[in-house]
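Report on one structure; see the data block that follows.
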Amino acid sequence: MILRGKVWKFGNDVDTDVIIPVQHTIGTDLEEFGKHCMEGLDPHFAGKVIPGDIMVAGTNFGCGSSREPAPLAIKASGISCVIAKSFARIFYRNAFNIGLPLIDSADAWGGVEEGDEIEVNLDSGEIRVVSTAAVFKANPIPPFMQQLISDGGLMNHIKRKLNL
Amino acid sequence: MSSVSQRWCSMPMTITEKILAAHTSKGVVLPGELIDARIDVIMGHDLSTPLAIHEMEKIGAKKVFDPEKIILVPDHFTPSKDVKAAESCKIMREFAKRQGITHYYELGEMGIAHALLPEEGLVVPGDVVVGGDSHSCTYGAIGSFATGIGSTDLAAAMLTGTLWLKVPESMKLILRGEARKWVSAKDLILHIIGDIGVDGALYMAMEFAGDAIERLSMSGRLTMANMVVEAGAKNGIFAVDKVTEAYLRGRARRNHTVFQSDPDARYTDVREYDVESLEPMVAFPHSPGNVKPVSEASDISIDQVVIGSCTNGRIEDLRVAAEVLQGRKAAPGVRLIIIPATQDTYSQAMKEGLLEVFLAAKGIVSTPTCGPCVGGHMGVLAKGESAASTTNRNFIGRMGHPESKVYLVNPAVAAASAVKGRIAHPDEVISRGK
């Protein structure tokens, strides 16, 4: 699968408290989570995202709380995937469990600018800047995670396994 | 084949690897391996559980796999701070009733989950524990494998009793020496996070050892295990010893298995620390890794002090705070908020006269809640305000307004800071040796 979108750039250690402050995490309303995406860093972020846009961040993205509204808010805001140098582990699980793809790339962060149009090939792990045709490699998504994404998240994966 | 299996059987493993291996059909697991682990204890709270219930219902699942293994604790926004919080608790309460989950802890018998579960003897050594909260790593203090998960994982665990896990690499942290007065477990873990960084143990198990660890009370070990996630770790783990066994006596609800790391077990990294020269530590905004000794923080004025949380809300923490606050008052303009972590801790603090000390010091004492630690309620900060807090995170906006600041400290430093109106070493309010 190939995703295409505009880059939103973030630094290291983006924590789940800035991704979605706790007061907005109560309940199960995904659209509501999306409205508060990245509110701790930019209160107007959600309004600026065009569906398909891609986040590119530094190390340890999603550190802190296990709150699942964090990846849910990112997904609901319209972001199609997150590329980072590394991810915090609970966030990593949560994202794949809910069907938000994450790409692990050491090089992309230094090679793209905010606003760049990029293409991400989820199968090959290739990231291409549309205007310059520069290409960055990412670690391929592990097969089990690919399975989760293609099953539509962990619960659908389990549903299939349990024949529910 | 037999020689191969013999080799595997004799392969040295860490405590973490042994516990995980015992929860699979395999005898041996290797770091990096994906396993389906059987889960002994599953914990959910008022923020993580409603979403998990929603996920279960979405795929038409009707019954949890074993109601006895599920523990539900409304602790974050309780007593319900608003209608939305009340609705969340109601969803959880009704789910517990419908599913026959008896370990549902209502107001009046509850506490902050990470303080409550150990206190109630619900986690025992050798367990695999998952909790819908990042600080579920706390239970590693008791020699269990414990890690935090999100709501979908929580739903999967409640439904199937198993969860996919990647076996973590282990990092060994050896702490030696006797810490000075007022230097606590909180300072040791802050020092380590400051040293290795907030992703210094990313995806890893942090295994603690050394004579300084052996001397730590269970309360101190719980404080340290609680914060391993702030270094990115998957779990923290302490070997079971006399201190653990004494803690479990009369408390543990089940029999337990003790696992010890083999002497030749493999570690990705081994780090040694001498704790004798350490000062109390302060994590400056906005990272638990931004750690400096308290002597470099004495010019920081504060508006609020919070003593409590899953990190430092146990009775030992309250005793230390009371020792510093005894006969003293919070400085004018400082709001002092004390939150015993469980109902039992509250009751014990009352019996010991600690609550009187706090009230006389112009402090307020709240019913157990995570409250201000997550910026939920019971002491949220306004724009531009600063707090000294015994909690575990100081991210932007963590305790309230994005332009507020949180300094993470131990309970004695928090109490001394309340008295001084700025971050202070306890020696500044109590003369040494007294």
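Restricting attention to strands (runs of 3 or more DSSP E) lying wholly within segment B:78-175, give those where 1 or more residues are more than 12 Å from every other protein chain (Cβ to nearest Cβ) and surrounded by 23 or more Cβ atoms within 10 Å (Cβ to Cβ).
Numbers: elements: B:128-131, B:145-148, B:162-166.
Correct list: B:128-131, B:145-148.
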- Note on the structure: For residue A:20, the lone unmet condition from (1) more than 11 Å from chain B (Cβ to nearest Cβ); (2) within 22 Å of residue B:374 (Cα to Cα) is (1)
- Out of all the residues in segment B:176-201, which are surrounded by fewer than 24 Cβ atoms within 10 Å (Cβ to Cβ) and either modelled with pLDDT under 95 or closer than 21 Å to residue B:144 by Cβ (or both)? none
- Query: What pairs can you find where one residue is in segment B:317-336 and over 9 Å from residue B:361 (Cα atoms) and crowded, with 23+ Cβ neighbours inside 10 Å, the other is of a type outside the set (Ser, Thr, Tyr) and modelled with pLDDT under 95, and their Cβ atoms are less than 8 Å apart, with a gap of 6+ or different chains?
  - Reply: B:324/B:430
- Going through (1) hydrophobic (A, V, I, L, M, F, W, C); (2) within 20 Å of residue A:144 (Cα to Cα); (3) buried (at least 22 other Cβ atoms within 10 Å of the Cβ) one by one, residue A:122 fails only at (3)
- Message: Name the single residue that is surrounded by the fewest Cβ atoms within 10 Å (Cβ to Cβ) among those in segment B:402-422 being within 17 Å of residue A:40 (Cβ to Cβ) and more than 10 Å from every other protein chain (Cβ to nearest Cβ).
- Response: B:403
- Subset of segment A:78-104, residues under 21 Å from residue B:168 (Cα atoms) and assigned to a loop (DSSP other than H, G, I, E, B), comes to A:85, A:86, A:88
- Task: Answer yes or no: is there a residue in segment A:47-61 that is under 12 Å from the mean Cα position of the chain (by Cα) and either more than 21 Å from residue A:5 (Cα to Cα) or of a type in the set (Val, Ile, Thr) (or both).
- Result: yes
- Message: Taking the condition of being touching a residue at least 60 places away in the same chain (Cβ under 8 Å), within 22 Å of residue B:222 (Cβ to Cβ) and touching a helix residue (DSSP H, G or I) at 6+ places or on another chain (Cβ under 8 Å), how many residues in segment B:350-377 meet it?
- Response: 6
- Only one of these is crowded, with 16+ Cβ neighbours inside 10 Å and part of a strand (DSSP E or B): B:61, B:21, B:37. Name it. B:37
- Message: Just to be sure before I move on: is residue B:285 within 14 Å of another protein chain (Cβ to nearest Cβ), over 19 Å from the mean Cα position of the chain (by Cα), at pLDDT 95 or above and part of a loop (DSSP other than H, G, I, E, B) in the structure I sent?
- Response: yes
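Quick grid of which residues meet (1) of a type in the set (Ser, Thr, Tyr); (2) without any contact (Cβ under 8 Å) to a residue 40 or more places away in the chain; (3) more than 12 Å from residue A:14 (Cβ to Cβ); (4) facing chain B (nearest Cβ under 8 Å):
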site	(1), (2), (3), (4)
A:38	no, yes, no, no
A:43	no, yes, yes, no
A:46	no, yes, yes, no
A:61	no, no, no, no
A:64	no, no, no, yes
A:70	no, no, no, no
A:73	no, no, yes, no
A:77	yes, no, yes, no
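The values are calculated or read from the model by the stated rules, or taken from the named source; none is laboratory data. Computed from a prediction, not measured in an experiment: that's the story for all the values here. We place every Cβ from the backbone using ideal geometry, glycine too, and count neighbours over all the protein chains shown.
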